[in-house]
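The values are calculated or read from the model by the stated rules, or taken from the named source; none is laboratory data. Model, not experiment: these values are computed from the prediction. All Cβ positions, even for glycine, are placed from backbone atoms using ideal geometry, and neighbour counts span all protein chains on display. Side chains are part of the model used for accessible areas, which takes the heavy atoms of the whole protein and leaves out ligands, DNA and RNA. Shrake-Rupley method; radii C 1.70, N 1.55, O 1.52, S 1.80 Å.
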Amino acid sequence: MTRSLIVGCGAYLPSQVLTNHELAARVDTTDEWIVERTGIRTRHIAADGELTSDLGEQAARAALASAGIDARQVDLIVLATATPDRTFPATATAVQAKLGTRQGAAFDVQAVCSGFIYALAVADNFIKAGQSRTALVIGAETFSRILDWQDRGTCVLFGDGAGAVVLRAENGACEAAATAPSNARPRGILSTHLHADGRQHDMLYVDGGPSSTQTTGHLRMKGQEVFRHAVINLAQVVEEALAANHLGAADIDWLVPHQANRRIIDYIARKLALPIEKVVLTVEQHGNTSAASVPLALDVAVRDGRIKQGDMVLMEAMGGGFTWGAALARW
Ligand code: ACO
């Protein structure tokens, strides 16, 4: 059978850093409130004229370099974003042009904060179906452009950034027995699990769009409702991913969660009885970068040597829609 190996990762953060103290000079908030309720201290903000595709391109170049793969070998680009350069064409095609390639398919996936998990699942399925050999999966966002900077309930939460991974088809990968110990499982993406509940689409949304208002609009959120659904849905989907692979939380080397809020992450770690040392945390420095948060966190932990070849990595995310999902990979 064919399996997707994660052969490289990369990330990019805009140079401008916005601190809680700087935000407190703009809206009625404090560093203490933001840290206590969210765990966020700083976030990066894209420069004027710096587009989602620019961030995505930088992350993609870093991922390709770490994989030792030339952009001309890529036959699929799936880019997850809720903040595209333009309504159309897909930001993935802008990244493709910036990488100087023209082969294969390139398209966007829109699942907001779950976007990277959705994009990873799409690319993994393309590879398993034999339709792609080398795929770039990118999460890239410029949420600073859709925030209402007068709304203290939302503008303190988000930041800009991009992360990417390179997937390569591994032919003839052997199946391990369902009950094999985790270190005997094959490397690569073991399973992905996606969910959506569109009844909740008014909990977290942007109040604009080409079909409704013909404006870009601003992010709106019922924070407490989002929080309540996030802990339930994420706890359920990580259990689903573990059960599907006949593994327990003790088999997980690293949990790489969506970085929305430290309290949500702590809840999931507690629920799994996973020591917090096994959780990759970037929310303090990056804030919530939506679809970019999981690949940004992956890149941090790979580069500082925590995630090593053979490690069992559990990723999860939840976002507007609601959408949510998890992916389990042996690195
Ligand atoms: N600074 C100071 N006070 C604030 C701020 C702020 N930045 N924002 C809200 N407040 C005030 C409110 O006005 C309210 O004041 P009031 O009691 O006088 O009316 C008070 O703080 C409490 O507001 P709540 O909304 O009840 O605060 P809560 O404890 O729920 O925290 C938060 C708000 C942080 C948004 C929380 O609900 C949350 O994290 N929700 C999840 C949202 C999320 O993560 N969204 C990301 C996208 S989805 C995802 O990625 C999972």
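Using the 1.4 Å probe convention, the accessible area of the chain works out to 41 Å² per residue with neighbouring protein chains retained.
Between S191 and L328, the built amide H atoms are under 5 Å apart, and every one of these is 5 or more places off in sequence or on another chain.
Using the structure shown, list the pairs from K98/K128; K222/K271; K98/K278; K271/K308 with a Cα-Cα distance above 31 Å, or answer none. Cα-Cα > 31 Å for K98/K278; rest within. Over all distinct Cα pairs, what is the inverse of the mean 1/r for the chain, reported as the Kirkwood hydrodynamic radius in Å? Computed over Cα pairs of the chain, the Kirkwood hydrodynamic radius comes out at 19.6 Å. Identify which of H44, H195, H286 has the largest mean-square fluctuation in a Gaussian network model of the chain, with springs joining Cα atoms closer than 10 Å. The residue that fluctuates most here is H195. With coordinates expressed along the principal axes, the C-alpha atoms belonging to segment 2-171 extend over 55, 29, 26 Å, beginning with the largest.
Taking all protein chains together and rolling a 1.4 Å probe, T213 ends up with roughly 60 Å² accessible. Expressed as a whole percent, the accessible area of the chain that falls on carbon and sulfur atoms is 51 (1.4 Å probe). Run through every distinct alpha carbon pair of segment 242-303 and return the Kirkwood hydrodynamic radius in angstroms, one decimal place. The answer is 12.1 Å. Of the residues A169, Q285, L194, the one whose Cα sits farthest toward the positive end of the charge dipole of the chain, with +1 on the Cβ of Lys and Arg and -1 on the Cβ of Asp and Glu, is A169. Amide H contacts of G8: V166, each under 5 Å away and 5 or more positions distant or on a separate chain (H built 1.01 Å from N in the peptide plane; Pro and chain starts excluded).
Using the rule -39500 (n - 2.57) for each DSSP H run of four or more residues, divided by the residues of the chain, the 222 nm mean residue ellipticity is -9500 deg cm²/dmol. Restricting attention to the chain, close to 70% of DSSP beta bridges with both partner residues there are antiparallel. Using the Karplus relation 6.51 cos²θ - 1.76 cosθ + 1.60 with θ = phi - 60°, the per-residue 3J(HN,Hα) values for segment 321-331 come to x, 5, 10, 7, x, 9, 9, 10, 9, 9, 5 Hz, with x marking Gly and Pro.
Over the chain, Cα pairs under 8 Å with separation of 6+ residues give a relative contact order of 25 percent. Phi-derived couplings, Karplus 6.51 cos²θ - 1.76 cosθ + 1.60 at θ = phi - 60°, listed residue by residue for segment 292-303: 8, 5, 5, x, 5, 5, 4, 4, 4, 6, 6, 5 Hz, with x used for Gly and Pro. With q set to 0.15, 0.18 Å⁻¹, the log10 of I(q)/I(0) for segment 186-330, from the Debye formula over equal scatterers at the Cα positions, is -0.75, -1.03. Residue-wise HN-Hα couplings along segment 241-251, as the Karplus relation 6.51 cos²θ - 1.76 cosθ + 1.60 with θ = phi - 60° gives them from phi, are 5, 5, 4, 4, 10, 6, 10, x, 4, 5, 7 Hz; Gly and Pro carry x.
Annotation for segment 195-242 versus segment 253-314: alpha-carbon center distance of 21 Å.
Distance from the C-alpha centroid of segment 55-77 to that of segment 85-155: 13 Å, rounded to the whole angstrom.
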